Amino acid sequence: MPSDVIESGRLDSPLIEVIGVSFGYNQLEVLSEVNLNIYSGDFLALIGPNGAGKTTLIKIILNLLKPKKGEVRLFQQKIKEFKDWPLIGYIPQKATHFDPLFPVSVREVVAMNLPQARWFDFWTKKMKEEDVLRALQVVGMENYIDERIGYLSGGQQQRVFIARALVTHPRVLILDEPTTGVDAPTQEKFYDLLARLNKEEGLAIILVTHEIGIINRHVNKVACLNRRLVYHGTHGEFCQSDFFRQMLADGHHMIFHKH
Amino acid sequence: MEVLWSGFQYGFFQRALLAGLGVGLACALLGVFLVLRKDAMIGHGLAHISFAGVAVGLFFGFLPLLSALVLTVITAGLLIKIRQKAGVYGDTAIALMSSFGFAVGILLVSLSSGMNVDLFAYLFGDILTISSLEVKISLALAVAVVLVIIFYFRNFLFTTFDPEAAQVAGIPEKRVEYLLTVLAGITVVLGMKVVGLLLVVALMVIPAASALRIARNFRQALVFAGIFSLSEIFVGLCLSFLLDIPAAAGIVLLGFGIYLIILFSQSRFRQRS
Ligand SMILES: Nc1ncnc2c1ncn2[C@@H]1O[C@H](COP(=O)(O)OP(=O)(O)O)[C@@H](O)[C@H]1O
Ligand SMILES: [Mg+2]
């Protein structure tokens, strides 16, 4: 199995370990015996058809759902004992599905994620300004700091959500289909941004996606999920696998089949 | 003007203003969160439960405000449990609860003679007859609600805007929902004294709805909702004193008028630009 190959011989310990995780909603089994490790510096594409259980697996990693079997370890700790949630940045699939009339500024959206933020940090301009501003600079949205988030384009909103995740200086960033409904050139810039964060800051990234196009350019690992983990390996191996060829054959089905 | 000035000297008018402004502020701030959570009708449902609580108080001779508080806060907790566990649709749970509360109220009225008048006052509000003990309780609780909102500001905002990300950030989302609902229960009981059961949801929704139309950020939304609520209650009470109209009607109609003005000036502005 490729996952054994790439994981043996690593000296550093994984940031995230998914160990034999099974899960089902009521009777319906969604995940079966999934094993997956995420290391520092990984840029992992988690791919698979609709309903494959990608979102479910992410939610288990984030302790939003409890696995029926198996366990998740975060930074060497049992998930129940894990307290350092700021180390994990998360951008939900539904992040940009908020009510566009929600009166919240870019500054407030980013400041929300600061654990130490108190009410006055939202009210005064000086407090916590540096953290918020720096995170917005990383994604190139600092000029929009006082804009109402609902007035921004989908691509700009995604950048703000990245800034919201980055403000706590995470070591892992998890994005669930972040570019649904965003046009192609904007997507391209968005993935360039992620690749830069991955290379320059060593940020580990788990990117759930439908689009196999992008995984060719930026990611260094691929995990393909369809209830079970049907493939897990480096990107190079993935491109040579029978699995990839088969996927290309069904390729357009996977790319264009949106919810 | 002199009539109004003399009004400020009256104890009953001072008490009404004091309680009205405090309760109005708490309702409006909480209302911003409830409206954004698409949960504004929870105020209406809980108001029906507090109606039953008032009836219980009048029937057994407790202070109605207290029996209503106890019953409403307990029900608010149950409501959340039902929603989170059984997956009953939110509005169905509220409809079940409102009719149950109202039925209990009606039953108790029919069992006793002479409490119809008192209960009537809770249906339509009787802020001008508020007692000084009730003023003290109302003000203390209103201040407490405002302080809780300030203290948990980040948790309330984050869970309202993005519940999933908030949970991942370590915020106990369910407990926040529970707390908000209990606060809603408390403010509803207090608001019932000001404008009555049938209009209490207006105290929560109207200032918030107006503020949400013009706020550019969340801070402004809260500040505007507070300002709208305080001025509507102040002017509404003055009008009710001067023109001898029901205070509840004055407050709510004024608030609705402000909302309409904002709505129309905005749509005209949009057309031009
Ligand atoms: N809350 C839920 N209750 C019941 N079934 C669900 C729920 N969420 C997802 N499912 C089902 O679980 C399966 C996997 O869903 P999901 O993890 O969202 O897949 P993906 O993100 O890969 O598209 C699907 O068949 C979906 O219908
Ligand atoms: Mg999904």
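Computed quantities for the displayed model
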read-out: Residue match in region A:197-207 (condition: more than 14 Å from chain B (Cβ to nearest Cβ), surrounded by fewer than 17 Cβ atoms within 10 Å (Cβ to Cβ) and not acidic (Asp, Glu)); value: yes
read-out: Failed item in (1) under 23 Å from A:PRO178 (Cβ atoms); (2) within 11 Å of chain B (Cβ to nearest Cβ), with A:GLN116 passing the rest; value: (1)
read-out: The lone exception for A:ASP42 - which of (1) near ligand 1 (Cβ under 9 Å from one of its atoms); (2) open to solvent by less than 40 Å² (accessible area, probe 1.4 Å); (3) at pLDDT below 95 it fails; value: (1)
read-out: Any chance A:VAL106 is within 16 Å of ligand 2 (Cβ to nearest atom), open to solvent by less than 20 Å² (accessible area, probe 1.4 Å) and either touching a residue at least 40 places away in the same chain (Cβ under 8 Å) or at negative phi (or both); value: no
read-out: Boolean, A:HIS169 is of a type outside the set (A, V, I, L, M) and farther than 25 Å from B:LEU212 by Cβ; value: yes
read-out: Tally of residues being within 20 Å of the chain's Cα centre (by Cα) and surrounded by fewer than 18 Cβ atoms within 10 Å (Cβ to Cβ) across region B:239-252; value: 1
read-out: Options B:PHE153, B:PHE224; residue that is within 14 Å of another protein chain (Cβ to nearest Cβ), more than 22 Å from B:ALA248 (Cα to Cα) and more than 15 Å from the chain's Cα centre (by Cα); value: B:PHE153
read-out: Test: residue in region A:58-69 that is open to solvent by 50 Å² or more (accessible area, probe 1.4 Å) and more than 14 Å from chain B (Cβ to nearest Cβ); value: yes
read-out: Pick from region A:47-86, criterion among the aliphatic types (A, V, I, L, M), more than 13 Å from the chain's Cα centre (by Cα) and farther than 22 Å from A:GLN27 by Cβ, ranking: nearest to ligand 1 (Cβ to nearest atom); value: A:VAL72
read-out: Some residue of region B:258-273 being open to solvent by less than 40 Å² (accessible area, probe 1.4 Å) and over 26 Å from B:ALA76 (Cα atoms); value: yes
read-out: Residue that is farthest from the other protein chains (Cβ to nearest Cβ), among those in region A:162-189 that are within 13 Å of the chain's Cα centre (by Cα) and either modelled with pLDDT under 90 or within 16 Å of ligand 2 (Cβ to nearest atom) (or both); value: A:THR179
read-out: Per-region count, region A:73-103, residues in a loop (DSSP other than H, G, I, E, B) and either open to solvent by 20 Å² or more (accessible area, probe 1.4 Å) or within 9 Å of chain B (Cβ to nearest Cβ) (or both); value: 16
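The values are calculated or read from the model by the stated rules, or taken from the named source; none is laboratory data. Because the structure is predicted, anything quoted here is derived from the model rather than measured. Counting neighbours? That spans all protein chains shown, and the Cβs are built from the backbone with ideal geometry, glycine included. Calculation scope for accessible area: heavy atoms of the full protein, side chains included, ligands and nucleic acids excluded. Shrake-Rupley method; radii C 1.70, N 1.55, O 1.52, S 1.80 Å.
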